[in-house]
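Working notes for the structure below.
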Amino acid sequence: MRKQRRNRIIFVSSFIFSLSLASVFIILAMNENIDFYYTPSDLTSSKIINKENLRIGGLVQEDSIESSQDSLETNFLITDLENTVKVNYVGILPNLFKEKSGVIARGYFDYSKGIFYAKEILAKHDENYIPKEVKKALVNDS
């Protein structure tokens with residue numbers, strides 16, 4: 001009876017230890033994959049030291065998009081309705097990119113010039129978004 005009880009205690013304690021260890025590894029893996037983004041107020045209020053791969057999120061300010069005719073360079077303002085940050089991006093913009101819509105830009109912030117140089121632009125949509133193809137199918141069915 002003592003041997004059987006000791007074996008149960010060893011089994012249960014090793015099971016709890018294994019479960020705890022697995023939980024720690026899962027939490028560490030999830031922490032490495034979380035991407036936070038800063039708002040324009042965060043960038044203007046404090047200096048984020050040595051960040052080459054920042055993300056900034058907010059709304060594209062109305063009447064702020066300036067596109068170059070000769071190149072793919074675009075300048076616009078991102079706002080969080082309190083502060084704004086000028087963004088410079090060279091590349092093709094996503095289809096959902098427009099004024100007063102949500103956007104996340106990945107790049108780096110030059111504090112001396114006050115400009116965020118974006119390497120990637122991600123346009124966000126609201127919960128009511130319907131792709132063009134689906135919208136056409138819905139209209140044709142009606």
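The table for this structure:
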| item | result |
| --- | --- |
| Flag if Y108 is within 18 Å of the chain's Cα centre (by Cα) and at pLDDT 90 or above | no |
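So that you can scan it fast, the table gives a plain yes or no per residue for (1) under 17 Å from H125 (Cβ atoms); (2) touching a Ser or Thr at 6+ places or on another chain (Cβ under 8 Å):
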| site | (1), (2) |
| --- | --- |
| T39 | no, no |
| S46 | no, no |
| L54 | no, no |
| G57 | yes, yes |
| E62 | no, no |
| L72 | no, no |
| I78 | yes, yes |
| N83 | no, yes |
| V90 | no, yes |
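The values are calculated or read from the model by the stated rules, or taken from the named source; none is laboratory data. What you are looking at is a predicted structure, and each value in this text was computed from that prediction instead of being measured. Reconstructed Cβ throughout: ideal geometry from the backbone, glycine too, with neighbour counts over all protein chains shown.
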